[in-house]
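Reading through the structure tokens given below for one structure.
The values are calculated or read from the model by the stated rules, or taken from the named source; none is laboratory data. Here the structure is a predicted model, which means the values were calculated and not measured. Cβ coordinates were reconstructed from backbone atoms using ideal geometry, including for glycine residues, and neighbour counts include every protein chain displayed. In case anyone asks, the SASA skips ligands and DNA or RNA and just uses the protein heavy atoms, side chains included. Shrake-Rupley method; radii C 1.70, N 1.55, O 1.52, S 1.80 Å.
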Amino acid sequence: LLSQDDKVVVALSGGPDSVALLDSLVKIAPKMNLSLFVAHYNHKLRGNESEKDETFCRKLSEIHSLPFSCGRMDITKKQKGESPEDFYRRERYVFLNMVANKNFAQKIALGHNLQDQAHTVLLRLVRGSSLEGLKGIEPIRENRYIRPLIEVSRREIIEYLSKNNISYRKDSSNKNEKYLRN
């Protein structure tokens with residue numbers, strides 16, 4: 001997924017997956033001469049909790065002495081009838097690409113894990129996807145978006161963080177059943 005001397009934007013939400021991703025990339029960066037750039041997108045959906053996520057990500061970037069970029073949701077851009085989740089995803093990717101282009105980064109690392117893969121395949125199956133859609137999330141897309149943790153379970157990620165005494169944020173919206181992903 002990575003080549004020697006790559007410049008990599010790390011999408012950091014503050015949750016366990018992205019924190020484990022950042023920690024892993026920080027550890028291998030010296031061996032591969034990687035340049036890392038942290039990008040956090042504040043969707044501003046959970047009020048003070050979203051602000052605390054942003055602060056957490058900024059501090060984590062400072063701890064690792066990494067450049068930090070933060071984007072903030074502008075809900076006024078949402079088109080009438082557009083799915084909120086599709087809109088949020090699209091805006092997040094626009095931001096990540098902007099950060100990558102600004103820093104001449106070849107890759108954008110995302111923290112999707114094995115459970116995200118299973119959820120994606122099941123949702124696509126329920127929606128009647130073609131065989132192409134049922135293959136799920138690819139580890140690399142467009143030779144730019146990489147998902148190094150796509151074959152790692154959430155349990156393994158939590159164990160890794162716990163074993164290494166690494167803190168992370170918990171997103172209360174992950175328990176909200178109004179979102180199809182939950």
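Residue pairs whose Cβ atoms lie under 6 Å apart, separated by 6 or more positions or on different chains, with the first residue in segment 43-71 and in contact (Cβ under 8 Å) with a residue 40 or more places away in the chain and the second of a type outside the set (K, R) and part of a loop (DSSP other than H, G, I, E, B), are H43/M73; D53/G14; F56/G14; C57/L12; C57/G14. Hey, does segment 35-55 have a residue that's out of contact with any Phe, Trp or Tyr (no Cβ under 6 Å at 6 or more places or on another chain), within 23 Å of G136 (Cβ to Cβ) and surrounded by 19 or more Cβ atoms within 10 Å (Cβ to Cβ)? Within segment 35-55 (the criterion being out of contact with any Phe, Trp or Tyr (no Cβ under 6 Å at 6 or more places or on another chain), within 23 Å of G136 (Cβ to Cβ) and surrounded by 19 or more Cβ atoms within 10 Å (Cβ to Cβ)), the answer is no, since none of the residues qualifies.
Please verify whether segment 95-108 includes one or more residues that are at pLDDT 90 or above and of a type in the set (F, W, Y). So that I can check it myself, show each step before the final result.
Our first condition is that a residue be at pLDDT 90 or above; within segment 95-108, this holds for 95-108.
Right, trim to of a type in the set (F, W, Y) and you get 95, 104.
Yes - at least one qualifying residue is present in segment 95-108.
On the stretch given as segment 3-25, residues that are more than 13 Å from G111 (Cβ to Cβ) and either among the polar types (S, T, N, Q) or open to solvent by 40 Å² or more (accessible area, probe 1.4 Å) (or both) total 4.
Pairing residues of segment 104-118 that are among the hydroxyl-bearing types (S, T, Y) with residues that are open to solvent by 40 Å² or more (accessible area, probe 1.4 Å) and not in a loop (DSSP other than H, G, I, E, B), at Cβ distances under 6 Å and at least 6 apart in sequence or on separate chains, gives no pairs at all.
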